[in-house]
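Working notes, beginning with the structure itself.
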Amino acid sequence: MILAIDPGNIDSAYVLLDDELRPISFDKVENSRLLEILYQFPRQNFALEMVASYGMAVGKEVFDTVFWIGRFWEKADFPNKQLIYRKDEKMNLCHSMKANDANITQALADRFAYGIPNKGKGTKKNPGPFFGFAGDVWQAYAVGVTYHDLYLKDEVSK
């Protein structure tokens, strides 16, 4: 199992993935709430998106996000935990540093839900594996998949 978080300055998205990378649970919640419920998740693997500096000026929101990354990291008492940078997600999933959120979402849908309508969400009557996914939840899922591909894939195939 992997708990993956896409942190934000106020709210953060999380996805719990099973060993086949299927989303078991997901949501976007207020940061203080996520901090409270971290202990409720299975304690195996933890992946947290990390901010990187590219030399450009940033605002208060970025510093607030970094503050929350530190709080989540400290609270996450998992045997295996890793910070995942956005550039690694882009290269792992899209093979291009120019990828954006839409490209990442499409890459995930193509990989895990090919042929299922609405980018793998399906319909209410016939839900797909990503039914209910929106916005930052996709990015949290990308964090978890990238963690798996970069750090667990070889261990699973042994």
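Among 123, 65, a tally of other beta-carbon atoms within 10 Å of each Cβ gives an order, fewest to most, of 123, 65. Taking amide hydrogens as placed 1.01 Å from N in the peptide plane, the amide H of residue 24 sits under 5 Å from those of 16, 17, 18, each at least 5 positions away in sequence or on another chain. Scanning residues 5 or more positions from residue 11 or on other chains, those with amide H under 5 Å from its amide H are 31, with H placed 1.01 Å from N in the peptide plane.
Calculate for the chain the 222 nm mean residue ellipticity that helices alone would give, adding -39,500 (n - 2.57) per DSSP H run of length 4 or more and normalising by residue count, nearest 500 deg cm²/dmol.
-11500 deg cm²/dmol, from helical runs alone.
What number, in nm² with one decimal, is the all-direction average of the projected area of the convex hull of the alpha-carbon atoms of segment 95-158?
With the hull built on Cα positions only, its mean projection is 5.1 nm².
With springs only between Cα atoms under 10 Å apart, run a GNM on the chain and tell me which of 19, 101, 27 wobbles the most. With Cα springs under 10 Å in the chain, the top fluctuation among 19, 101, 27 is at 19.
Computed over neighbours whose Cβ is under 9 Å from that of residue 13, the net charge equals -3, Lys and Arg +1, Asp and Glu -1.
For segment 72-116, trypsin sites (Lys or Arg not before Pro) meeting the loop criterion (DSSP other than H, G, I, E, B) and having at most 11 other Cβ atoms within 10 Å: 98. Whole-Hz Karplus values for segment 114-123 come out as 4, x, 8, x, 6, 6, x, 7, x, 10 Hz, taken residue by residue from phi with 6.51 cos²θ - 1.76 cosθ + 1.60 and θ = phi - 60°; glycine and proline positions read x. Helices that extend 30 Å or more along their long axis by alpha-carbon positions and average at least -1.0 on the Kyte-Doolittle scale are absent among the DSSP H runs of the chain. Viscosity 1.002 mPa s, temperature 20 °C: Stokes-Einstein D of segment 38-87 from its Kirkwood Cα radius, in µm² per second? For the chosen part, D equals 177 µm²/s.
As an equivalent ellipsoid, the chain spans semi-axes of 23, 18, 17 angstrom, where each value is the square root of five times an eigenvalue of the C-alpha gyration tensor, largest first.
Remark: segment 1-52 is approximated by an ellipsoid whose semi-axes, taken from the C-alpha gyration tensor as √(5λ), come to 18, 12, 10 Å, largest first.
In a DSSP loop and with at most 11 other Cβ atoms within 10 Å, the chymotrypsin sites (Phe, Trp or Tyr not before Pro) in segment 48-130 are 54, 114. Backbone amide hydrogens, once placed in the peptide plane, bring residue 128 within less than 5 Å of 122, 123, excluding anything fewer than 5 places away on its chain. Relative contact order of the chain: 27 percent, from C-alpha pairs under 8 Å at least 6 residues apart in sequence. For the chain, modelled as a GNM whose springs connect Cα atoms under 10 angstrom apart, the maximal fluctuation among 69, 116, 37 occurs at 37.
Using Cβ counts within 10 Å as a stand-in for footprinting exposure, how do 105, 146 rank, fewest first?
If I rank by nearby Cβ atoms, fewest first, I get 105, 146.
FYI, it's all coordinate maths here, none of it is from the lab. In this text, all values refer to a predicted model and were calculated from it rather than measured experimentally. Neighbour counts are summed over all protein chains in view; Cβ atoms, including those assigned to glycine, are modelled from backbone coordinates with ideal geometry.
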